[in-house]
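A short write-up of the structure that comes next.
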Amino acid sequence: MQNIIEGIDCSAMHINIDGLSINYVDEGSGNTVLLLHGWGGSIQTMKPIANILKDKCRVITLDLPGFGESSIPERPWNSFDYAECIKKFVDALEIKSIVLFGHSHGGRISIILSSKYNFVRKLVLIDSAGIIPKRKLKYYIKIYTFKLLKKFYTFFSLGNKEEKLERFYKKYGSNDYVDSQGVMRQTMVKVINDNLLNLLPDIKVPSLLIWGENDQDTPVYMGKIMEEKIYDSGLIILKDAGHYSYIDGYEQFKAVISVFLKDEFNN
């Protein structure tokens with residue numbers, strides 16, 4: 001992985017969007033590509049993609065609000081709040097047309113943007129979130145057990161309510177939840193519950209869907225649903241790759257997007 005994230009110019013800049021400082025990198029020239037990372041990610045996690053594209057077009061990568069060096073929102077956001085912020089970011093840079101890449105949570109934002117606005121020219125969704133997952137009985141057993149545990153833990157352990165809950169989530173919460181703080185924890189709950197299924201038919205631009213066959217976070221069946229619902233789309237499944245399929249299957253990924261974007265590249 002080290003080799004594929006080297007060689008990017010990280011002379012980051014900042015721009016103010018509605019009082020939030022957004023950290024971003026703008027490099028290369030030609031047609032514009034915008035890269036949106038997943039939950040817990042940053043400019044750094046999108047370097048492998050930027051490295052493929054930066055010599056062939058203009059590549060803009062940013063830290064989404066609440067991540068990297070960008071400001072944290074003052075209130076909990078949902079996916080539509082993120083999309084509105086990115087729309088204002090694109091407008092502030094006076095960009096008229098983009099090729100949009102979205103990984104995981106960045107895919108949620110990309111689905112909203114490409115379904116609502118006409119500045120998205122092509123779309124690449126990578127292991128995208130945005131569909132509420134199918135729930136099996138053991139999931140609900142796990143949830144109810146978790147809630148019962150929380151009740152007992154907060155009742156019997158020492159300290160005030162906030163201290164008890166913090167200790168509980170550190171011990172029993174998901175990694176993403178544990179790593180998030182304050183507003184971002186509430187934001188995570190909001191975005192996870194955003195079901196964007198009904199927006200998929202509104203995406204009218206050529207769309208490439210790339211999935212890791214072993215993705216456990218956003219399983220392949222989600223990619224198949226998106227391919228079915230998005231009119232002009234195609235799904236590529238990368239072998240032996242997980243949720244970060246663009247890293248796990250880097251050479252395959254590079255070849256696929258190079259074909260999809262060949263008309264976008266500088267000659």
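With the structure loaded, tell me whether Lys54 is within 20 Å of Val256 (Cβ to Cβ) and not hydrophobic (A, V, I, L, M, F, W, C) or whether it fails that test.
Values: within 20 Å of Val256 (Cβ to Cβ): yes; not hydrophobic (A, V, I, L, M, F, W, C): yes.
Considered against the rule, which asks whether it is within 20 Å of Val256 (Cβ to Cβ) and not hydrophobic (A, V, I, L, M, F, W, C), Lys54 comes out as yes.
Could you look through segment 10-30, keep only residues that are hydroxyl-bearing (Ser, Thr, Tyr) and not in a loop (DSSP other than H, G, I, E, B), and pick out the one that is nearest to Phe260 (Cα to Cα)?
Selected residue: Tyr24.
Residues are listed down the side, and each one gets a yes or a no for (1) under 24 Å from Cys57 (Cβ atoms); (2) free of Cβ contacts under 8 Å to residues at least 40 places away in the same chain:
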residue	(1), (2)
Leu199	no, no
Leu209	yes, no
Tyr231	no, yes
Glu264	yes, no
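Residues checked against (1) under 23 Å from Lys262 (Cα atoms); (2) modelled with pLDDT under 95; (3) assigned to a loop (DSSP other than H, G, I, E, B):
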residue	(1), (2), (3)
Ala83	no, no, no
Ile111	yes, no, no
Arg121	yes, no, no
Val124	yes, no, no
Pro133	no, yes, yes
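Each residue in segment 31-44 was checked for being outside any strand (DSSP E or B) and either modelled with pLDDT under 95 or within 21 Å of Glu84 (Cβ to Cβ) (or both), and 8 pass. Of the helices (runs of 4 or more DSSP H) that lie entirely inside segment 159-260, those containing 1 or more residues that are in the same structural domain as Ser128 (by TED's automatic domain parsing) and modelled with pLDDT of 95 or more span 220-229, 245-248, 250-260.
Taken together, the residues in segment 85-109 that are free of Cβ contacts under 8 Å to residues at least 24 places away in the same chain and in a helix (DSSP H, G or I) amount to 1.
The values are calculated or read from the model by the stated rules, or taken from the named source; none is laboratory data. Note that the structure is predicted; figures quoted are calculated from it, not measured. Cβ sites come from the backbone with ideal geometry, for glycine too, and all protein chains shown count toward neighbours.
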